[in-house]
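Quick note: the coordinates plus some simple rules give every number you see, no bench work behind them. Here the structure is a predicted model, which is why all the values come from computation and not from measurement. Neighbour counts run over all protein chains shown; Cβ positions are idealised from the backbone, glycine included.
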């Protein structure tokens, strides 16, 4: 998926873009091609495969580091079907950990954050801009697999790295085959709810990681003894909760004069039409009162203060497209287009101009 980066042994592509943060805005050829493939076949199961590098100086100061051959993460965004999240955590993760361990390799949950005692550990991001959750938000059984990199970022331990990653992928194929009837039935049922808009009325557009009160006993490699050591993680935030929700609209009125939004809809293969009166019984518009910030997984992003009002003046509908939520990418549309969404388009440099203090937000809501 990243031939330029692979050639130069770097994460970013030839345009200096992080492809695994590009699955929402879809500006790069590589991510466009991947989503075009997905849209053609609508796979029930997907996995995003990477490597992680556990050799950082902060962990060395602690005296321990992660040492798992394979780490695996499941979907974490609360807008994804609870039934699909349950089969991921209750069935697949125990299976794959056992499958890999039986073959002589080590595996555990993918846990970003830390180092232990310095910052919290959590499950993988609930953002929808990566290769796992961008498909998961469409009610796909989707995972991330990260194998341990070499300390030199290059060929160190290359045979073990390749074989352990292969085992993880083979394990997913085996699990999918052994449970194919259950998976296909479940995914079809949950996707039908998106397409027919028979889903929760509220959409979580700001979330955060919280502790459930339990500590984590984490196996780490000691730099002092070169042996595995159990370390207690006091600040393990294993639970994702919603901190801000919006009511799901019928759809959005997207201005035709903002070509980047049309290009975005086309890149995602979204269904939209010219706006018509029957789409617009009640139209709402946000006003950006002021623009603040919010902490998002140790990053600082915009978080506007908004008010919303019903539009009573006559609207020239010929100037808008109507983008209904009643389609497979239902959740993604709402998360992307709400101005207060911490995962939305306005948090990206390419779309930050949509958000202006004391100015009306240009994308309108067609309310139910």
How long is the gain from residue 231 to residue 278 if the chain were fully straight, where each residue apart is worth 0.36 nm and the alpha carbon distance is subtracted?
-> 10.9 nm
Exposure proxy order (Cβ contacts within 10 Å, fewest to most) of 92, 223 | 223, 92
Beta bridge orientation in the chain: antiparallel %, DSSP, nearest 5 | 80
Mean Cα-pair separation over length for segment 204-257, i.e. relative contact order, pairs under 8 Å, 6 or more apart, % = 45
Before anything else, pin down the relative contact order of the chain: Cα pairs under 8 Å, at least 6 apart, normalised by residue count, whole percent.
-> 18
Value of Rg/Rh across segment 141-207 [Cα atoms, Kirkwood radius] = 1.20
Sites residue 15 and residue 174 - FRET efficiency at Förster radius 41 Å, r taken between beta-carbons, to 0.05 | 0.65
per DSSP, antiparallel bridges as share of beta bridges in segment 42-243, % nearest 5, sits at 55
Segments 313-319, 24-30, 149-155, 54-60 sorted - mean Cβ within 10 Å per residue, highest first = 24-30, 54-60, 149-155, 313-319
Between 0 and 90°, nearest 10: helix 29-41 axis offset from the chain longest Cα axis | 80
Give me the angle, in degrees from 0 to 90, between the Cα long axis of helix 158-178 and the longest principal axis of the Cα atoms of the chain, rounded to the nearest 10.
-> 60
Note down the nm distance, to one decimal, between modelled labels 7 Å out along Cα→Cβ at residue 78 and at residue 247.
-> 1.9
Here the gain from full extension of residue 106 to residue 8, 0.36 nm per residue of separation minus their alpha-carbon distance, amounts to 32.4 nm
List 169, 17 from most exposed to least, where exposure is judged by having the fewest other Cβ atoms within 10 Å.
-> 169, 17
Treating every alpha carbon of segment 285-368 as one equal point scatterer without solvent, the Debye formula yields log10 I(q)/I(0) values at q = 0.12, 0.23 Å⁻¹ of -0.39, -1.25
From a point 7 Å beyond the Cα of residue 58 in the direction of its Cβ, which residues of segment 105-125 have a backbone N at a distance under 16 Å?
-> 111-125
Based on other C-beta atoms within 10 Å, arrange 290, 303 from fewest to most.
-> 290, 303
How would you classify segment 42-243 from its alpha-carbon gyration tensor, with a ≥ b ≥ c the square roots of the eigenvalues: rounded for a/c under 1.5, else prolate if a/b is greater than b/c, otherwise oblate?
-> oblate
Highest-first arrangement of 76-85, 339-348, 357-366, 138-147, where packing means the average Cβ count within 10 Å = 138-147, 339-348, 76-85, 357-366
From the square roots a ≥ b ≥ c of the eigenvalues of the alpha-carbon gyration tensor of segment 39-78, which class results: rounded (a/c under 1.5), prolate (a/b over b/c), or oblate?
-> prolate
Can you work out the FRET efficiency for the pair residue 290 and residue 313, with r the C-beta to C-beta distance and R0 = 25 Å, to the nearest 0.05?
-> 0.55
Spacing of the two label points (7 Å from each Cα toward its C-beta) at residue 162 and residue 188, in nm = 4.0
Hey, what did segment 42-243 get for relative contact order, percent, Cα under 8 Å, at least 6 apart?
-> 30
Taking the mean number of other Cβ atoms within 10 Å as a proxy for protection, how do you rank 259-266, 35-42 from highest to lowest?
-> 259-266, 35-42
Angle, helix 180-195 long axis vs. longest principal axis of the chain, Cα atoms, 0 to 90°, nearest 10?
-> 30
Separation between the residue 269 and residue 350 pseudo-spin-labels, each 7 Å from Cα along Cα→Cβ, expressed in nm?
-> 1.8
Relative to the compact-globule scaling 2.2 N^0.38 Å, provide the ratio for the alpha-carbon radius of gyration of segment 204-312.
-> 1.73
When every alpha-carbon pair in the chain is counted, what percent end up more than 26 Å apart?
-> 55
